[in-house]
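Visitor: Structure in structure tokens, see below.
The values are calculated or read from the model by the stated rules, or taken from the named source; none is laboratory data. Note that the coordinates shown come from a computational prediction; the quantities given were computed from them, not determined experimentally. Here Cβ is always computed from backbone atoms with ideal geometry, including for glycine, and neighbour counts include all displayed protein chains. For accessibility, only protein heavy atoms count, side chains too; no ligands or nucleic acids. Shrake-Rupley method; radii C 1.70, N 1.55, O 1.52, S 1.80 Å.
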Amino acid sequence: MVGRVPHTKAHMNVTNRTLDRLMQKYGIKSDYGLAKKIGVTPGSVSNWRKEKTQMADAPAMEVAKLLEIDAGELLAELQAERADSPATRAAWEQIAGRLRQTAATIALGIARFFGFFHAQTARASVDHFATNTYYDKDGCDATGRCRNQSQVTT
């Protein structure tokens, strides 16, 4: 494919991975059934799978809704997949990572506010989903860990 950066093993195909998740979640057995669920033609799904075309934003929004995931994060990951240079891909991957971090921080705040999780469990969840760490002016991240100490008691 001219003009696209080849995928590496580390950069797994976001489209196929996302479509597979959707099939698993809804017990869909074929790409035909998947196409019906998303509201596109079977040929569209086939072309996405074979990387002949890219998933457009409207079906991506529907997929995000069905998977109950953040649409902005999925759109950023798809943009990274479409990137025509390593620098552009890296920029979109960074945006997706920041969105993951923000979502994880919000989830942690809600969990702490309502007391749904033990603090250690909540911190582990944030660490699992967030790939980037951002520190505030005091050198602490969103989980309460600070650079100069292993943990802040809550």
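Visitor: For region 6-104, report the accessible area per residue in Å² (1.4 Å probe, heavy atoms, rounded to an integer). Walk me through the numbers before you get to the answer.
Guide: Working: 5370 Å² over 99 residues.
Dividing the accessible area of region 6-104 by its residue count gives 54 Å².
Visitor: Separation between the residue 90 and residue 54 pseudo-spin-labels, each 7 Å from Cα along Cα→Cβ, expressed in nm?
Guide: It works out to 1.9 nm between the two label points.
Visitor: So how much slack lies between residue 107 and residue 23, counting 0.36 nm per residue of separation and subtracting their Cα-Cα distance, in nm?
Guide: 27.7 nm
Visitor: Between residue 30 and residue 16, how many nm apart are label points set 7 Å from Cα along the C-beta direction?
Guide: Result: 2.1 nm between the two label points.
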